[in-house]
Structure formats: structure tokens, C-alpha cells
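Rule-based calculations on the coordinates, nothing more; no lab input. The structure presented is a predicted model; accordingly, all values stated were derived computationally and were not measured. Every residue, glycine as well, gets a Cβ built from its backbone with ideal geometry; the counts of neighbours run over all protein chains shown.
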Amino acid sequence: MTSPILVGKNARRLTAPSVIPGFGLTFGYTLIYLGLIVLFPLATLIWWSSGLGLSGLYAIASEPRVAAALRVTFFISFAAAVVDLFFGLIVAWVLTRYDFAGRRLLDAFVDLPFALPTAVAGISLAALYSPSGWFGAPLAGYDIKIAFTRLGILVALIFIGLPFVVRTVQPIISELEVELEEASATLGAGRLQTVLRVMLPPLAPALLTGLALAFARSIGEYGSVIFIAGNIAYVSEIAPLLIVVKLEQYDVAGATGIATIMLAISFAALLLINLVHAWSRRKFGRV
Amino acid sequence: MRFPEAFADTKTIKRGASIRIEGVEQDFGAFPALRDVSLDIQSGELVALLGPSGSGKTTLLRVIAGLNSPDRGRVLFDGENATGLPVQDRHVGMVFQNYALFKHMTVADNIAYGLKVRPRRTRPSRSAIRTRVAELLQFVQLDGLGARYPAQLSGGQRQRVALARALAIEPRVLLLDEPFGALDARVRKDLRRWLRDIHKQTGLTTVFVTHDQDEAMELADRVVVLNEGRIEQIGTPEELYDRPASPFVISFVGEAVALPVAIADGQVRFGGRELHIDTHGLRSGPARVFFRPADIAVAAEGNGDLEGRVESLRRTPAGVRATIAIDGYDQTLEIDSPLERSASLGGRVPLSLAKARIFPADENGGYVNAGDGI
């Protein structure tokens, strides 16, 4: 997966002749597609909220309930993405490096969070983690409440984000030769040194891409979260839910205002991750 | 080119350990990769492990390195049991077939790796590491390329980086897996000579794996021929050429022609003819005679062991090369000879054997035990 802000190595000059013709057609399609499907709706959003003006946006963002929801959304999304980074790496490693009975089946399970309607995931997670659920009941004995708290949001977002990390890292792991580990060991490196110095650096760019994707997906996640979060204002209410709430109250300006703020923060966060990604590619990705 | 003397500073690690392998066996599932392999390698020796793919040569190298632990048997370095010793503590310099360079590190960082990962107690200072890297770069004739990345080097250069990286840790033995496998023919030739020089300079016990018999014969002091997980023969190149111990060795090491024969009453019979081969000590029964194409020549009329038909004649700088179909043998032979002009296409010629080996068949129909030559 390449970073969107990097120009591909194989990018052609516009005029260079090519074995496969059709630059004009594909480029035109790309522009129309991006324009109609991605940019136009986003532009509409900004158009709708432009009536508010910067001061209006600021007013919305500083509403305590909105500010709390934005904080919950972005912090928990990031936390979930970081958790996914670790577990996703381990899952991808096991699925790629080891051959065992049922590997393909397990590999297929990884994609389920992609395919499942998110509401289904939310309902089952809520049932499992509610104080009377299979996981919730034993945890309640230790005074740990997951369903209907921020922890519940974290659990749902970890579930949703995992495949992004696994699927971005997997191909890179399969390219890493086992001989690299063996070479490191013959040179006297311990296991931890081999992992930190030899195995992780080439994986860093892919890991960052996975992190960015999981993070982005979590920010927009709605269906699975609302069932398990309890949606208590100021505590476990996420920004996407607040948008729906505002729309239901016919507060279109307020809804688009929150959406615009989310868009800005998301864009800034993804841009930052992409910059780190580009840097790490330069540093480690020399393959 | 001189091996940097700075490397002799670690007195505890002897350069060029002797290696002893005792009854090593390894199975991969139902497939026996090594079967009762025993081998002694002297300190400072240059040994080739030669065999076709699947013969167990790489597995044996990995057992020596400690990357595979054998199911049975022992590996000793300088007489000390190293069988249970982890790879990290074996101090072997290993050069992998695809070099296994760390692509995200510069050439200099690759070479320094084995020194940098040492525990603080034994790790050389930064400046000492830098000096060693510079010395090693010079030693492998890559001065000035330390800041490059492996992707920016040619195949031959990468191989030298891999070698420098292995030498940096002052290994007790140097192990190379198909060191020239991935290189084109010209680079191969240069590197062969170069490896020989390196071996002379460092005095390291060196074991390399190859499937190329020319390479093994040209480079090694001794060659270990492996087949189906067993050692067929251990010997100097001369011994392997002149006294091959098994039909496998004679066919694998150089070209050989095999004729199915029968031993009866102390005579070797091929078709209706008698071959003049000493059968002393061999029992009667089916056998096989092996000879090198160079050991067969056109004989004077009436003196031949064999007879053949001239299929084609071709002029070469040295004389004439004839393609001859031997009676009772299903393949043709190319024989260089000062063939008389009278020998004509399609004509019959007598052929005599200068040297041959005979291997009688065993109960299973295989051919064992070297027989006498002519």
C-alpha cells in the first residue's frame, strides 16, 4: 500500500509513450471518479458548513458536549489503532511464518470484521461484555465494566481495525527471508536484537500504513460502537453519533459543523502519519 | 590484500577450529536428510560438500552452523562438544546462498552488525568498530562503498559484503552455502580464485557447499561427496578422479560411460566380447564397467576391447572428433583422436580402454564396492 502523498516511482511523464496506451482515458476516469465520488460530497459538506463561518465552527467545537465527543472519538480511535498495531503484527506474523492445520481458515477469519454488518458486531460485543454476558460477568467480579463505558468503545474499535493492520503487514512479512533471522543469529545477535534490529525496521512503513488505516476507520465507525458504548453524553458518546443526534433534531448546521471539524482533524492526523511513513520509507524501506 | 592483523586480538577464540562430525542423522518428517554422517575436518582445511540437490549437503552445513540440530550424533569444534551450543555462541561465519544482507542497513552497518550486537562488556568501542569495518572493506576490495545500500551493489559485491560481515566476528570456521550459485560465469571464476586467496590469508577452516563438481575440484583441499543423505566418498580431488569409490562418485564427478557387463570365470563379458579387466577378488554375476570418455581410444586393428560405428566426423584444431556408437550401448560417444583419414563415415573401428572401474551388483541390484581398474 503506498502512501497517497507520495508520487509512485513508476509514475510516467504525461507525454512518454507507453506499451499500454490509454493514459487519457484512465486519467480522465480517475479525475471524474475522485471528483464525483469523493471530492464533491466533501465540498458539499464544506459548502453547507461555510454558512457557519470559522467563528461558528469554533463555537460548535467548544460546546462541552461536542468537545467531549470529539475527544472520545479521536483518543479512543488512536488507542485502538495502537492496540491493533501490536496484535495485528503478531497475528500477521503467525499467519505468514508458521504452517499449521487450519491456517487458511484462521486467515479467512481475519477479514470478518470487514464483511460483518457493523451493527451485528456491536450487538454481539454488547451481549458478550454486558454485566450479565459471558465475558462481562466474570469481569464484573473484578469491578471491571466494559459494556456501556469508554472501554466498550475501545473493544469495538479494536475489533473493527484489526484486519487493516494484518492485511497491510502480511505481504511484507512474507517477503522477509528467514535467512535474515538466521544471519543475525550466526552473527551473535540475541532474539530480541534480531527482532528489533533486523525484522522490525523493514516492517515499519507497512505498520504505519496499517496504523493510519485502522485509525481512520475507527474515527468514522458508528454501527458497532453505539450498541456497546451506552452513549452517555460527556462520557461515552462518539462524534458520529452526535452528528446523527443533531440531524434528528433538524440541526443540520450543527451536524455539518461537527462533520467539518472531524474532517479537518482526520486529515491533519492522516497527513502527519503519512509524513512519518514517508520518512520511515526513506530510512528503512530501501528494498 | 592482507587480512587485518587487528583481528588477532581476541586470544580466546582460536582461528580455524577443527570440526568433527560423529554419526549425525537428521530426518525431515519421513524423509531422511542425513544418514549416519561422520566427518573430520582439520584446522585450516578448505573442504567442499558436493552433491546433487536433495543430497543433504546444505543440511550438513546447517548442522555445523547450529541452524539445524541433528536428531542423532554429535558435532565437535576443536574436540569440544558443540552439539547443544546455540547458533549465537558458536562463532561461525556463515555466508548464505542469497547473502541475506540487511537491506535497510548500509554496507558498513551490515559489516559492523556482529560487533554492535555484542553485550556491552565485549563490544568494541565505536571508533574500533569503524576501524575494523574500514579494514574489512579494504580486505574485500570494496573501499569507499561503505555508505551504499545492498540494493545499490552488484551480485559479486554483495557476496563480498556478506563475507566481510561473516569475517567481522572473527569466526572459528567459515561456512558458505553455494557461494557462487547466483553469479554469472565470469564473476564466478574471479571469485573462486579470490576465495582461495581469502582462505590462504585467513587460515580459517572453511566449508562450502556446491553442486558444481568443477568448483569443488578446483577449490577444495578435500571434497566430501554426498548422495541421498550419505557420504559416498571423502577425498582429495585426485583421489576422487582416480579412485572413485562408488558408481555414484564416478558418474557425478566428471563424465563417465557405464556399460552393463557380466563377470563369469574371472572374465568380464560385454555382449559377446571379453573386456580385459582384472576381476581379482570379485564374485561372478552382473556388474557395471565405468570409464571416462578420455580413457577410450581407437585401437589398432584386432586389439580392441570394444567395437563401434563411426556416426560422424568433425575437424577440431587438435585433430578429429568422432562420434561413435559402441555396439551394445545405447548412447554415442565423442572421441578425440588422431583418426586415420581412412576411417570413414559409417565404418567400424576397434576401441580400447586405457582405464576403467568395475562395480559388481549387490543383492538389491545396486552397484557397490569399487573393483579394480585395468
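From the mean inverse distance of alpha carbon pairs (Kirkwood) and the Cα radius of gyration, derive Rg over Rh for chain B. Please report the intermediate quantities before stating the final value.
Numbers: Rg = 25.5 Å, Rh = 23.5 Å.
On the Cα set of chain B, Rg over Rh gives 1.08.
For B:Ser53, put the label point 7 Å out on the Cα→Cβ axis and report which residues of the stretch B:178-206 keep their amide N under 16 Å from it.
B:178-183
Quote the Stokes-Einstein diffusion coefficient, in whole µm² s⁻¹, for the protein assembly as shown, based on the Kirkwood radius over alpha carbon pairs, a temperature of 10 °C and a viscosity of 1.306 mPa s.
Details: Rh = 31.3 Å.
It comes out at roughly 51 µm²/s.
Of the listed peptides A:227-239, B:17-29, B:121-133, what is their order by residue-averaged count of other C-beta atoms within 10 Å, with the highest listed first? The partial results should precede the final answer.
On the way: A:227-239: 20.2, B:17-29: 17.8, B:121-133: 13.5.
In decreasing order of mean packing, A:227-239, B:17-29, B:121-133 become A:227-239, B:17-29, B:121-133.
Considering amide H positions built from the backbone, and no H for Pro or chain starts, which residues 5 or more places from B:Val261, or on another chain, come under 5 Å of its amide H?
Residues meeting the amide H criterion: B:Ala287, B:Arg288, B:Val289.
What nm distance separates the two modelled labels at B:Ser69 and A:Ser18, each placed 7 Å from Cα along Cα→Cβ?
Here the answer is 5.5 nm between the modelled labels.
Can you give the % of DSSP beta bridges in the protein assembly as shown that are antiparallel, to the nearest 5? It would help to have the intermediate numbers written out before the result.
Details: 57 of 75 bridges.
Once the DSSP bridges in the protein assembly as shown are tallied, antiparallel ones form about 75 percent.
Give me the one-decimal nm value for the distance between modelled label points at A:Phe109 and B:Glu218, 7 Å along each residue's Cα-to-Cβ direction.
Spacing of the two 7 Å Cα→Cβ label points: 5.5 nm.
Over the whole of B:91-102, what's the average partner chain Cβ count within 10 Å per residue? Rounded to a whole number, please. Present the calculation step by step, with values, prior to reporting the outcome.
Working: counts 3, 2, 2, 6, 2, 7, 1, 3, 3, 10, 3, 8.
Partner Cβ neighbours, averaged per residue: 4.
In degrees, nearest 10, range 0 to 90: what is the angle between the Cα axis of helix B:155-168 and the longest Cα principal axis of chain B?
So the inclination is approximately 60 degrees.
How would you order A:76-87, B:252-263 from highest to lowest mean count of nearby Cβ atoms within 10 Å?
Values: A:76-87: 20.3, B:252-263: 18.4.
Top to bottom by mean Cβ count within 10 Å: A:76-87, B:252-263.
Determine the relative contact order of the stretch B:116-260: mean sequence separation of Cα pairs under 8 Å and six or more apart, normalised by residue count, in whole percent. Intermediate results must be reported in sequence, preceding the final value.
Numbers: 120 pairs, mean separation 19.2, N = 145.
Value for the stretch B:116-260: 13 percent.
Grab the Cα-Cα distance for B:Arg193 and B:Leu313, subtract it from 0.36 nm times how many residues apart they are, and report the gain in nm with one decimal. Spell out each step's value before the answer.
Values: separation 120, 0.36 × 120 = 43.20 nm, distance 3.71 nm.
Contour length minus Cα-Cα distance gives 39.5 nm.
For Cα pairs less than 8 Å apart in space and 6+ apart in sequence, what is the mean separation divided by the residue count of chain B, i.e. the relative contact order in percent?
Working: 779 pairs, mean separation 59.0, N = 374.
Across chain B, relative contact order equals 16 percent.
With chain A treated as a Gaussian network of Cα nodes joined by springs under 10 Å, which of A:Ile265, A:Ile144, A:Ile153 yields the largest mean-square fluctuation?
Largest GNM mean-square fluctuation: A:Ile144.
Using only alpha carbon pairs under 8 Å that are at least six residues apart, calculate the relative contact order of the stretch A:52-284 and give it in whole percent. Write down the numbers at each step before the final one.
Details: 287 pairs, mean separation 74.8, N = 233.
Relative contact order, the stretch A:52-284: 32 percent.
If packing is taken as the mean number of other Cβ atoms within 10 Å per residue, what is the order of B:74-86, A:34-46, B:232-244, highest first? Please list the in-between numbers first.
Working: B:74-86: 14.9, A:34-46: 11.5, B:232-244: 17.5.
In decreasing order of mean packing, B:74-86, A:34-46, B:232-244 become B:232-244, B:74-86, A:34-46.
On full extension of the chain, what length is gained from A:Leu116 through A:Leu200, given 0.36 nm per residue of separation minus the C-alpha to C-alpha distance? Provide the component values of the computation, followed by the final result.
On the way: separation 84, 0.36 × 84 = 30.24 nm, distance 3.13 nm.
Computed gain between A:Leu116 and A:Leu200 is 27.1 nm.
State the Kirkwood hydrodynamic radius of the stretch A:52-284 in Å, one decimal place, computed from all pairs of distinct Cα atoms.
For the stretch A:52-284, inverting the mean 1/r across all distinct Cα pairs yields 19.5 Å.
Quickly work out the A:Leu275-to-B:Ala294 label distance, labels modelled 7 Å from Cα along the C-beta direction, and quote it in nm with one decimal.
7.1 nm
Which one of B:Asp305, B:Asp89, B:Asp40 has the biggest mean-square fluctuation once chain B is modelled by GNM with Cα springs under 10 Å?
Checking each option, the largest mean-square fluctuation is seen for B:Asp89.
Cα axis of helix B:185-202 to longest principal axis of chain B: angle in degrees, 0 to 90, nearest 10?
The two axes meet at around 60 degrees.
Computed from the mean reciprocal separation of all distinct C-alpha pairs, what Kirkwood hydrodynamic radius does the stretch B:150-270 have, in Å?
Every distinct Cα pair counted, the radius reaches 16.8 Å.
Averaged over its residues, how many other protein chain Cβ atoms are within 10 Å of peptide A:188-195's Cβ atoms?
Working: counts 15, 7, 4, 1, 0, 5, 2, 0.
Neighbouring Cβ atoms belonging to other protein chains average 4 per residue here.
What list of ³J(HN,Hα) values in whole Hz, one per residue of the stretch A:244-249 in order, does the Karplus curve 6.51 cos²θ - 1.76 cosθ + 1.60 (θ = phi - 60°) give from phi, with Gly and Pro shown as x?
Karplus values, whole Hz, x for Gly and Pro: 4, 4, 4, 5, 5, 8.
Return the sequence-ordered ³J(HN,Hα) values of the stretch A:98-103 in whole Hz as given by the Karplus equation 6.51 cos²θ - 1.76 cosθ + 1.60 applied to θ = phi - 60°, using x for Gly and Pro.
Per residue, the Karplus-derived 3J(HN,Hα) values read 10, 10, 8, 4, x, 5 Hz.
Please rank A:Phe114, A:Phe215, fewest neighbouring Cβ atoms within 10 Å first, as an exposure proxy. Present the calculation step by step, with values, prior to reporting the outcome.
Details: A:Phe114 12, A:Phe215 25.
Least crowded to most crowded, the residues run A:Phe114, A:Phe215.
Hey, with R₀ at 22 Å, roughly what FRET efficiency would B:His280 and B:Glu238 work out to, going by the Cβ-Cβ distance, to 0.05? Walk me through the intermediate numbers first.
Numbers: r = 24 Å, r/R0 = 1.07.
So, using R0 = 22 Å, E works out to roughly 0.40.
To the nearest whole number, what is the average tally of beta carbon atoms from other chains within 10 Å of the beta carbons of peptide A:197-204? Provide the component values of the computation, followed by the final result.
Details: counts 7, 7, 0, 1, 4, 3, 1, 1.
Across the residues of A:197-204, the mean count of other-chain Cβ atoms within 10 Å is 3.
Roughly how tilted is helix B:126-139, in degrees to the nearest 10 and between 0 and 90, from the longest Cα axis of chain B?
Around 20 degrees separate the two axes.
Residues with amide H under 5 Å of B:Val268's amide H, sequence separation 5 or more or different chain, H placed in the peptide plane at 1.01 Å from N; which?
Amide H neighbours of B:Val268: B:Leu275, B:Ile277.
Most mobile of B:Gln331, B:Gln42, B:Gln97 per a Gaussian network model of chain B (Cα springs, under 10 Å)?
The residue that fluctuates most here is B:Gln331.
Based on the Cβ-Cβ distance of A:Val252 and B:Thr332, what FRET efficiency does E = 1/(1 + (r/R0)^6) give at R0 = 60 Å, to the nearest 0.05? Mind dumping the intermediate values first?
Numbers: r = 92 Å, r/R0 = 1.53.
Working from the Cβ atoms, E equals 0.05.
Can you give the % of DSSP beta bridges in chain B that are antiparallel, to the nearest 5?
Working: 57 of 75 bridges.
Here the antiparallel bridges make up roughly 75 percent for chain B.
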